[in-house]
Amino acid sequence: MHRMRPASLLFRLHRLLVVAGALCLADGAHAQGPPPEDGILDDARALSSAMRQQIAEELRTFREEVKCDAWITATSFPPANVTVRRQAQITRRAWSGERPAVLLAYDRASNSTAFSFAPEMWDRYPAAQLIELIQEVRTVFADRSLSLDERFALGTRLWTDQFREMETVRLRHSLLLQREERHFAKIVALLLAGGALVAAIFGYASRRQTATAEQRHYLPDIAVALRFGAPHGGGVIAETNAQSGTH
């Protein structure tokens, strides 16, 4: 039996480590470089030229309508001990920072997908709908009866359309809340104005009542001569001469 020499074994092990390290660096460099201009990083050569242009246009429209960044990555050799989901998170954070963004990562070797959503996206939309979206896209890519181009086309259209619907519902709900808040603010303003008017009326009435209560009226002292010996027999207080021609 042929036995491999230790030196030869170490040399081959060294080569394997070098190749693995190079692959890890190649795929890990995704998070270090700038995001692709068309929104697609296809190191796995998963998309045809025509499909890439179609999806790039879909992503461009999506960014304008939903007001968030959107990218797709396709790789064949993910870094060791790094899942597709983890790689998607690393890449999305490096490209978007804290801005709203969506990244779909596809690993051709395992035919698996993973999404990474910026924190703001979880705040915008219900978590249950986002999780359901992830499962539906994963089901599309798992269907090997479709070509890879078809899976990318269907999967991309699926999640972009669902995001548009969620954004439409969110904006409609936000507008409704704004209208209700304005209506409530008007009611509160009217109630405050009415309360202020009632308080002013009561204040005025209270002041009038107090001023009236403090007033004292005195009858004048009138000197009247005695009549038939009575002390208060009455007399003439005022005398008026009628003009001629009047009664």
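Computed values, structure above
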{"item": "Packing-based exposure ordering (other Cβ within 10 Å, fewest first) of Y125, Y106", "result": "Y125, Y106"}
{"item": "Overall form of region 42-164 per C-alpha gyration tensor (a/c, 1.5; a/b vs b/c)", "result": "rounded"}
{"item": "Estimated FRET transfer efficiency (E136, A199; beta-carbon r; R0 45 Å; 0.05)", "result": "0.15"}
{"item": "Inter-probe distance in nm under a simple model that places probes 7 Å from Cα toward Cβ, at R60 and D38", "result": "1.0 nm"}
{"item": "Sorted peptide list for 158-164, 94-100, criterion being average Cβ within 10 angstrom, highest first", "result": "158-164, 94-100"}
{"item": "Additional length obtainable on full extension of the chain from N111 to R85, 0.36 nm per residue less Cα span", "result": "8.1 nm"}
{"item": "Region 60-88 versus region 114-165: alpha-carbon centroid distance in Å", "result": "11 Å"}
{"item": "Distance between modelled label sites at Q129 and R45, nm, 7 Å Cα→Cβ extension", "result": "4.0 nm"}
{"item": "Residue order, fewest to most beta carbons within 10 Å, for V102, V82, V137", "result": "V82, V137, V102"}
{"item": "Paramagnetic reach from R170 in region 77-104 [backbone N under 20 Å; point 7 Å along Cα→Cβ]", "result": "89, 92-104"}
{"item": "Signed unit charges on C-beta, dipole axis of region 33-208, positive-most listed residue L130, A142, S206", "result": "S206"}
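Each reported figure results from applying straightforward, stated rules to the coordinates on display, with no laboratory input. Since the structure is predicted, the reported quantities are computational estimates derived from the model, not experimental observations. We place every Cβ from the backbone using ideal geometry, glycine too, and count neighbours over all the protein chains shown.
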